[in-house]
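Following: one structure in structure tokens, then a few remarks.
The values are calculated or read from the model by the stated rules, or taken from the named source; none is laboratory data. In this text, all values refer to a predicted model and were calculated from it rather than measured experimentally. Virtual Cβ from ideal backbone geometry, glycine too; neighbours counted across all protein chains shown.
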Amino acid sequence: MSKNIINTTKAPAAIGPYSQAIKINNLLFISGQIPVHPSTNEIPTGIEEQTQQVMKNIEAILKKANLTCNNIIKSTIFLTDIKDFGIVNEIYASYFSEIFPARECVQVVALPKNVKIEISVIASE
């Protein structure tokens, strides 16, 4: 089993000792993405914009691995306010055109850089 690091400048650089993504065989494990714009490091304030930025970051990593959102088989959504679930769910759903991945969504006390959302995913070829 060989681990291949997937890294792109079109998603935010890791802010700790981890990789943006690791590919093992036909599986891609993408680390939790927060709504940091990769070139400006800006963070939008609203949950709608934050969710869009997180999904764009995930798409950029998937693209680097020659995959799309439709290759996602599992995701985990972390929210600092579960009341945002409806808005996040609507935006998240718009990124898929086939079968939706398995998923859980949980409320957490805080996230890095005081963002409102973080999403990690597992994708398959």
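Summary table
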| item | result |
| --- | --- |
| Filter result for the condition that a residue is loosely packed, with under 15 Cβ neighbours inside 10 Å and either of a type in the set (Ser, Thr, Tyr) or touching a residue at least 12 places away in the same chain (Cβ under 8 Å) (or both), over ILE122, ILE82 | ILE82 |
| Members of the range 15-36 found to be in contact with a helix residue (DSSP H, G or I) (Cβ under 7 Å, 6 or more places away or on another chain) and surrounded by fewer than 14 Cβ atoms within 10 Å (Cβ to Cβ), listed by number | ILE15 |
| Top-ranked residue of the range 90-112 - restricted to ones that are of a type in the set (Asp, Glu) and surrounded by fewer than 11 Cβ atoms within 10 Å (Cβ to Cβ), ranked as farthest from THR80 (Cα to Cα) | GLU98 |
| Residues of the range 80-99 satisfying the condition of being acidic (Asp, Glu) and in a helix (DSSP H, G or I) | ASP84, GLU90 |
| First in the range 88-111 and modelled with pLDDT under 95, second anywhere and assigned to a helix (DSSP H, G or I), Cβ under 7 Å, 6 or more apart | SER97/ASN70; GLU98/ASN70 |
| Some residue of the range 20-41 being part of a strand (DSSP E or B), β-branched (Val, Ile, Thr) and more than 13 Å from the chain's Cα centre (by Cα) | yes |
| Extreme residue, nearest to ALA11 (Cα to Cα), among residues of the range 46-79 that are part of a loop (DSSP other than H, G, I, E, B) and in contact with a strand residue (DSSP E or B) (Cβ under 7 Å, 6 or more places away or on another chain) | ALA65 |
| Residue count, the range 100-123 (criterion: of a type in the set (A, V, I, L, M, F, W, C) and assigned to a strand (DSSP E or B)) | 8 |
| Pairs, first within 13 Å of THR8 (Cβ to Cβ) in the range 18-29, second of a type in the set (Ser, Thr, Tyr), C-beta under 7 Å, six or more apart | SER19/SER31; GLN20/THR8; GLN20/SER31; ALA21/SER31 |
| Those residues of the range 32-57 which are of a type in the set (Gly, Ala, Ser) and under 18 Å from TYR95 (Cα atoms), in sequence order | GLY32 |
